[in-house]
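As structure tokens, the structure follows; a few thoughts come after it.
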Amino acid sequence: MTIFSRILSGTIIFSACAITAAAQSFSGIHQSNYAGVYGILYNPASAASTRYKWDLHILGADAKAGNTYMTVTKKALLHRYDTLTRNVDYFLDTAANRRQNGWEMAEIMMPSIMYSIDEKQTVSFIWRIRSSSNGGNIPTEQANFFGNNFPNKAYIGTNYTVQHAAVSSNIWHEFGLSYARILRNTYGGVWKGGITVKYLSGIAAGYAAVDNATFRLNSSRNASVSSGTMRYGYSENLDHWDKPYLNNLKPNGNSGFSADLGVIYEYRPDNDGFGDYEGDHWNPAADYYQWRVGASITDLGSIGYNKAPGNTDLDLVTNNIDPYSITYKKNQSLRQFARQLNNAFTPVASDSVFRMALPATLHLMGDYNIDGRFFISANADIALNGGPNNIYKTYGMTQVQVTPRYDVDLFGA
């Protein structure tokens, strides 16, 4: 029974620090005319005909998380999740009529550099440490069953069904080489294109998914599962996770490759009072547009991992099980919990490796130049690998953002 609770609680743990999130890292920055290497993360074509001869990035960080089931008070954000008190430190949305989900996306932007070969071509090297997690797809009724004081006597005697619920997480290094150039320069506008090719080194990953499970709580110490399967796995190095946790953020040899592709069109009429960029800019014509539109696809790729010994799929059917016997215990290791589940249910042979797909996303963007200082931009991020078809993945959020922007040489907001 705690399989579902583990999926739900694991999602809530990593996502409880916020109730909203954005799918794109460093959102609000990437469309600035002075974004430099940050613009490449969203669309590699943005580096073509840049305002910079070179741009050296030292260090940066970005993190977002959210969930649809739990609200956490501000004062509780810095406390351990297992010390929080319900209706004091956190509140559950038990009356919602929707499926409950959670997510997180974070990264550390390591030293990176962009260099303009000439006014048309730019090359870049970008190094990032990234994490991405998703979980849920659980109807509120079932979320309450596992999240509201499980095992709760109030739910005794009712049959519940979970068609598909899953949680997944991935942490990896990303080393990217990017190339951008002007593809075509016409009287009315400019076409830009770019590509980033990335070598990936996985730090750690894991997944769990439950399908077609029907279960019933007969008493607080007895439950039955009449149908259902669980697939789970995690990278073998998690059985040897060190403290402090920062020591684990080194490349572990779990290799993969990915790519980003992008194109931008800028409408550039004759100068009609849209600002004078001559000044001391290296490239005075850079981003000299009235409006621009673009499209890109990011994170097309995956990372291969070896499963930890003992990871296996499970047949969940059982007529008599004590919910407490499969409850995750405080300070229990993943290896101990996996052994606990394997003993409680029927193991089914599974592959010893898995490939974790990156959160591939289609980005559509537009930017309008009002007077050379004030701009308004809009972007849509569309997740390309959501849905239940592949459980070995994390995925971005589908969303639309509109950002007014003030952009000058020494200041932007």
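For Gly189, the residues whose modelled amide H falls within less than 5 Å of its own, excluding neighbours fewer than 5 places apart on the same chain, are Arg268. Can you tell which of Ile113, Thr85, Thr71 lies farthest toward the positive end of the dipole of the stretch 68-118, using +1 and -1 charges on the Cβ of basic and acidic side chains (Lys, Arg; Asp, Glu)? Comparing the listed Cα positions along the dipole, Thr85 ranks first. In the neighborhood of Ser226, defined by Cβ-to-Cβ distances under 15 Å, what is the net charge if each Lys or Arg adds +1 and each Asp or Glu adds -1? Combined, the nearby Lys, Arg, Asp and Glu give -1. May I ask you to give the percent of accessible area on the stretch 180-266 that is carbon plus sulfur, with a probe radius of 1.4 Å? Reported share for carbon and sulfur atoms: 58 percent.
The accessible-area ordering, largest first, of the residues Arg51, Arg80, Arg216, Arg335 stands as Arg80, Arg335, Arg216, Arg51, per a 1.4 angstrom probe.
Each residue of the stretch 188-199 was assigned a 3J(HN,Hα) from its phi angle through the Karplus curve 6.51 cos²θ - 1.76 cosθ + 1.60 (θ = phi - 60°); the sequence is x, x, 9, 9, 10, x, x, 9, 10, 10, 10, 8 Hz, with glycine and proline shown as x. The 3J(HN,Hα) values that the Karplus relation (6.51, -1.76, 1.60; θ = phi - 60°) gives for the stretch 70-85 are, in residue order, 10, 10, 10, 5, 4, 5, 8, 5, 9, 9, 5, 4, 7, 10, 7, 10 Hz. Gly and Pro appear as x.
Accessible surface for the stretch 332-379, divided over its residues, is 47 Å² per residue with a 1.4 Å probe. For the stretch 165-170, putting each phi into the Karplus relation 6.51 cos²θ - 1.76 cosθ + 1.60 with θ = phi - 60° gives couplings of 9, 8, 9, 8, 8, 8 Hz, in residue order, rounded to whole numbers and with x for Gly and Pro. Under the rule a/c < 1.5 gives rounded, and otherwise a/b versus b/c splits prolate from oblate, where does the stretch 358-408 land using the Cα gyration tensor? Prolate is the answer for the stretch 358-408, as a/c is 1.5 or above and a/b outweighs b/c.
Across the options Ser169, Asn369, Ile126, the greatest Cα extent toward the positive end of the charge dipole of the chain (unit charges at beta carbon of Lys, Arg, Asp, Glu) belongs to Ser169. Among (1) 15; (2) 31; (3) 25, which is the computed percent of Cα pairs over 41 Å apart? Matching the structure shown: (3). Estimated at the nearest 10 Å², the accessible area of Ile171 is 40 Å² with a 1.4 Å probe. How many lysine pairs does the chain hold where the Cα atoms are under 16 Å apart and the two sit 8 or more places apart or on different chains? Final tally of qualifying lysine pairs is 4. This model, with +1 at the C-beta of Lys and Arg and -1 at the C-beta of Asp and Glu, gives the stretch 30-83 a dipole about its Cα centre of some 160 debye. A simple charge model with +1 on the Cβ of Lys and Arg, -1 on the Cβ of Asp and Glu and nothing else charged puts the dipole of the stretch 124-247 at about 420 debye relative to its Cα centre. Here the chain is treated with +1 on each Lys and Arg Cβ and -1 on each Asp and Glu Cβ, and its dipole about the Cα centre works out to around 1500 debye. Out of the total accessible area of the stretch 82-174 (probe 1.4 Å, heavy atoms of protein only), what percent is carbon and sulfur? That share works out to 51 percent.
The values are calculated or read from the model by the stated rules, or taken from the named source; none is laboratory data. None of these values were measured; they are calculated from a predicted model. We place every Cβ from the backbone using ideal geometry, glycine too, and count neighbours over all the protein chains shown. We work out accessible area using only protein heavy atoms, side chains counted, and drop any ligands, DNA or RNA first. Shrake-Rupley method; radii C 1.70, N 1.55, O 1.52, S 1.80 Å.
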